[in-house]
1. Restricting attention to region 133-165, report how many residues are closer than 30 Å to residue 55 by Cα and under 21 Å from the mean Cα position of the chain (by Cα).
2. Kindly indicate whether any position in region 124-142 is more than 13 Å from residue 60 (Cα to Cα) and without any contact (Cβ under 8 Å) to a residue 24 or more places away in the chain.
3. Select, from 8, 67, the only residue that is under 21 Å from the mean Cα position of the chain (by Cα) and either modelled with pLDDT of 80 or more or not in a helix (DSSP H, G or I) (or both).
4. Enumerate the strands (runs of 3 or more DSSP E) found wholly within region 151-215, keeping only those where 2 or more residues are under 13 Å from residue 102 (Cβ atoms) and in contact with a helix residue (DSSP H, G or I) (Cβ under 7 Å, 6 or more places away or on another chain).
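The values are calculated or read from the model by the stated rules, or taken from the named source; none is laboratory data. Just so we're clear, the structure is a prediction, and the values are computed from it rather than from any experiment. Quick reminder, even Gly has a Cβ in these numbers, built from the backbone with ideal geometry, and neighbours come from all protein chains shown.
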């Protein structure tokens with residue numbers, strides 16, 4: 001009895017070729033050049049990673065204390081130690097979305113080697129072109145008021161409220177922002193001294209620059 005030769009659909013071979021390509025050194029090399037690969041999608045709350053060479057055009061400043069400057073030097077030394085002194089290391093950075101939204105946020109730097117980050121370091125960043133920020137507007141998604149707390153935590157003493165659409169004044173520039181239990185808190189000087197929540201880093205936030213459009 002003659003055997004029947006089963007012909008596989010062309011889609012099977014396309015999938016097989018695609019799988020083999022992903023496992024090939026060429027594919028690994030292609031993805032290893034860019035920390036945003038393969039989907040080129042930013043993590044919630046952050047911009048895409050950008051080459052350190054683009055930092056001068058990114059409209060931000062960082063390094064506002066000796067502690068942060070020292071931390072960055074330690075980060076660079078750790079990168080060079082782990083990659084090897086004779087190895088070319090590629091440095092990347094990304095900004096938290098609050099830099100554009102509030103004028104203050106975070107910059108995260110990373111040293112990319114062998115298709116992964118050896119080390120990363122976060123520090124305070126400001127939007128350089130603003131020069132100073134002394135006015136933020138409450139702009140919550142649910143249009144609810146924000147509670148002013150004595151300390152940056154949800155169970156701290158309640159000092160007052162700020163209605164949606166009203167203005168608050170940060171205590172400084174860069175603004176004092178601390179993260180407690182995954183929630184960002186901003187110190188304000190008025191209408192009362194205290195702390196208000198800006199939500200999580202990945203959220204769209206509860207505050208905007210006074211000059212920004214409302215949602």
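1. 3
2. Yes, because at least one residue in region 124-142 is more than 13 Å from residue 60 (Cα to Cα) and without any contact (Cβ under 8 Å) to a residue 24 or more places away in the chain.
3. Being under 21 Å from the mean Cα position of the chain (by Cα) and either modelled with pLDDT of 80 or more or not in a helix (DSSP H, G or I) (or both) holds for just one of 8, 67, which is 67.
4. In region 151-215, the matching strands (runs of 3 or more DSSP E) lie at 207-209.
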